[in-house]
1. Tally up the residues in the range A:1-40 that are touching a helix residue (DSSP H, G or I) at 6+ places or on another chain (Cβ under 7 Å) and closer than 16 Å to A:A54 by Cβ, please.
2. Of the conditions (1) among the small types (G, A, S); (2) surrounded by fewer than 18 Cβ atoms within 10 Å (Cβ to Cβ); (3) modelled with pLDDT of 95 or more; (4) at positive phi, A:A69 clears all except one; give me its number.
3. For the range A:170-181, give me each residue that is touching a residue at least 24 places away in the same chain (Cβ under 8 Å) and crowded, with 20+ Cβ neighbours inside 10 Å.
4. Residues that are touching a residue at least 24 places away in the same chain (Cβ under 8 Å) and within 14 Å of chain B (Cβ to nearest Cβ): which strands (runs of 3 or more DSSP E) entirely in the range A:27-82 hold 3 or more of them?
5. Considering the range B:9-26 alone, what residues qualify as being away from chain A (no Cβ under 14 Å) and either closer than 29 Å to B:S160 by Cβ or basic (K, R) (or both)?
6. Go through the range A:83-127 and count every residue that is outside any strand (DSSP E or B) and in contact with a His (Cβ under 8 Å, 6 or more places away or on another chain).
7. Need the failing condition index for A:R20 against (1) under 27 Å from A:L102 (Cβ atoms); (2) surrounded by fewer than 18 Cβ atoms within 10 Å (Cβ to Cβ); (3) modelled with pLDDT under 95, just the number.
8. Name the single residue, out of those in the range B:8-24 being assigned to a strand (DSSP E or B) and over 17 Å from B:A177 (Cα atoms), that is farthest from the chain's Cα centre (by Cα).
There are 2 protein chains.
Amino acid sequence: MTYCLAMRLDEGLLFLSDTRTNAGVDNVSTYRKLHVFRPGDDRLFVLQSAGNLATTQEVLDRITRDLAAGGESLNTVNHLFEAALYLGRLSSEVARNHAATLGANANATFILGGQVGDEAPDILLVYPEGNYIRCSDDRPFLQIGETKYGKAWLDLAVRSHADMATAGKIALSSMAATALANLSVGPPYDLGIYRTGSHELQHARIAGDSPFLSRLVDVWRDHLLAAMHALPEIEPGDIALLEPESRPT
Amino acid sequence: MTYCLAMRLDEGLLFLSDTRTNAGVDNVSTYRKLHVFRPGDDRLFVLQSAGNLATTQEVLDRITRDLAAGGESLNTVNHLFEAALYLGRLSSEVARNHAATLGANANATFILGGQVGDEAPDILLVYPEGNYIRCSDDRPFLQIGETKYGKAWLDLAVRSHADMATAGKIALSSMAATALANLSVGPPYDLGIYRTGSHELQHARIAGDSPFLSRLVDVWRDHLLAAMHALPEIEPGDIALLEPESRPT
């Protein structure tokens, strides 16, 4: 499995991906799932991938080949949504080529983020079928892979209008919570920060044994334990006796 | 969907179930998923159910019919694991009767908890195939249905060796977090508390508009926000520059 997330913030975009891949429990490896394309000075694309690794790699190779060939490519699209449709076409084509043997196991799902020219930067989710959705204005984040364990943290970031630095810490909290709950998600973690108008990505890798991650988990644990001790008492008015069921006797 | 959980504590057992059922998004209803059988003074069984509602109801009806018929029933088993195998046989039979039209959609999964005689009380998960597992000593809780969103809370309760009262609040925290994240899980919530040796269940219903639930969510939100503001800064030593990828050019 995989966990990748992307957030759209006032200052720009934030991307975070784990690197663990597994084909069965005894074939665990480390692969990048955060990929950057900067084919021209006026455009930057970030791809995050979940699903079939072979499909993902062939899609990346085709994107690279198309850029070199000079035909339709990430360098010719005029809008981010056109890049999403282009990526979706490649992805569904590659998956279809292997569907006879793999079926839906050949599928890959992508988050595509970035900026084309002066357009507002955005993040889009590209489905295996080749279509896409944007993130919503109310919940400006996207997740792919093992999305459930860490969702509450992203809701928190959104509700509190976190700035880029805080959003980064919250994204890593969401990632750490997911990795604690699910062995198929694991470090190192690849972080990408895009500031609007820069057409450049700052990216960094955070190791699993990073002191920062330990401190982060400590802070969460301390506050969760504090919350646990502060939980309110159930008052008699809060509960009702559960009536016996009407079952035939 | 559904979310049911059960915890094995030093003092006894704790059960919590939501009540929302849905057959499609426009057929949402409220059904009990926490069921109690006390066929004799020396035994008590709690059933929690997830999956096909029709299968669940037929299983409950068959259990009741068997108790009245006087043959093999929850009143004749000598151990909790025998009750689990009996329940598993009923459940897999009912599902098989409808498999021609429904396939795996006819399946139901159960948590069975309780105490038979002087045996230690326990909780077991009964699979649609009819077999069962106990909860582990290291993580003495079980979940069925929509299990991922609320798992971190149960881990917390286990790690901190919560007593029955605290465990109840943590179970409701796990439930509230799940309901916030997933529309298919919702109130009212049915809580069952079993104290070892009592062979009786205290059970109560907590309404969605209960002041307690509001206070609970407030405490969590306050502490999560406090944790967010206390998160450590990323130091330069914690991150490494992410190298460019080796892609063909």
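1. 3
2. Going through the list (1) among the small types (G, A, S); (2) surrounded by fewer than 18 Cβ atoms within 10 Å (Cβ to Cβ); (3) modelled with pLDDT of 95 or more; (4) at positive phi, A:A69 breaks only (4).
3. Answer for the range A:170-181, where residues must be touching a residue at least 24 places away in the same chain (Cβ under 8 Å) and crowded, with 20+ Cβ neighbours inside 10 Å: A:A171, A:L172, A:S173, A:S174, A:M175, A:A176, A:A177, A:T178, A:A179.
4. Values: elements: A:28-30, A:34-40, A:43-51.
Filter on the range A:27-82 gives A:34-40, A:43-51.
5. Step one: filter the range B:9-26 for residues away from chain A (no Cβ under 14 Å), giving B:9-13, B:20-26.
Within the range B:9-26, B:L9, B:D10, B:E11, B:G12, B:L13, B:R20 meet the criteria.
6. Number of matching residues: 2.
7. Result: A:R20 fails condition (2) only.
8. Applying the first criterion (assigned to a strand (DSSP E or B)) to the range B:8-24 yields B:8, B:12-17, B:20-22.
Then keep just the ones that are over 17 Å from B:A177 (Cα atoms); that gives B:8, B:12-14, B:21-22.
On the way: B:R8: 12, B:G12: 16, B:L13: 12, B:L14: 10, B:T21: 15, B:N22: 17 Å.
If we take residues in the range B:8-24 being assigned to a strand (DSSP E or B) and over 17 Å from B:A177 (Cα atoms), then B:N22 is farthest from the chain's Cα centre (by Cα).
The values are calculated or read from the model by the stated rules, or taken from the named source; none is laboratory data. This is a predicted model, so every value here is computed, not measured. Every residue, glycine as well, gets a Cβ built from its backbone with ideal geometry; the counts of neighbours run over all protein chains shown.
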